[in-house]
Amino acid sequence: MVKTAIAENRQGVQYVYGLLKDVSQAYDDFKDSTYDLCYGCCIAADAFPKHLALGLIQSAAGVESKYRQEFIESPILNNKNEEVEQALKLFARLAKLVASFSIPERSVIRITPSAAIHEKLENKPIPYYYEAENILDDWAPALSRRKRNNTILSYHAASYSSLPHITQPLAYNMDKYSFLG
């Protein structure tokens, strides 16, 4: 799809840059959410011949023992279910970003307020070049969990929300938005 958009030299090829930036940010969010899930999973089999992995013990001087390893929680007791669910939703969002990208034909220009570039992807509105219906449930996992998907800003907000502050955001308080897109 990206190669096609570039090869055809269609108007709107600038959205390809937006897609790549969004995919990169979504991947970073996914990667960050899985860090704690993977920690301690791959201990070398010969590191502890009796299969014993102990937590850190420091000497009075604060020197860590080379025979000890960081504490690893038991998978049955560590309550990582919510973190796993969050990681799966972020992975689904990553896949749907690529699948729902399309450069639409020219349409009415509409300005949508947005958060700064350093903000998380879920705090920004769904861009014009995504099919909002396909990505809405995975765009902001915290809002999806609360059944508040209709509060996500988007160019296509009128297709899934009837809230006036979402469909016409410029008519309301925009203090929390630092960018117009």
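The values are calculated or read from the model by the stated rules, or taken from the named source; none is laboratory data. Please read these numbers as outputs of a predicted model, since none were measured by experiment. For neighbour counting, all protein chains shown are included, and Cβ atoms are generated from backbone atoms with ideal geometry for every residue, glycine included.
Among (1) in a loop (DSSP other than H, G, I, E, B); (2) within 15 Å of the chain's Cα centre (by Cα); (3) of a type outside the set (Lys, Arg), there is one condition residue 104 misses while meeting the rest; what is its number?
Every listed condition holds for residue 104 apart from (2).
Find all pairs meeting these conditions: Cβ atoms under 7 angstrom apart; at least six residues apart or on different chains; first residue within the stretch 95-114 and among the aliphatic types (A, V, I, L, M); second residue assigned to a strand (DSSP E or B) and at pLDDT below 85.
Going by the 7 Å Cβ cut-off, the qualifying pairs are 111/180.
For residues that are surrounded by 13 or more Cβ atoms within 10 Å (Cβ to Cβ) and small (Gly, Ala, Ser), scanning just the stretch 1-50, find the one that is modelled with the lowest pLDDT.
So the residue we want is 40.
Of 70, 64, 105, 82, which residue is at pLDDT 65 or above and surrounded by 10 or more Cβ atoms within 10 Å (Cβ to Cβ)?
Working: 70 fails: at pLDDT 65 or above; 105 fails: surrounded by 10 or more Cβ atoms within 10 Å (Cβ to Cβ); 82 fails: surrounded by 10 or more Cβ atoms within 10 Å (Cβ to Cβ).
Only one candidate passes the filter, namely 64.
How about the stretch 119-136: which of its residues are charged (D, E, K, R) and within 12 Å of the chain's Cα centre (by Cα)?
Within the stretch 119-136, 119, 120, 122, 124 meet the criteria.
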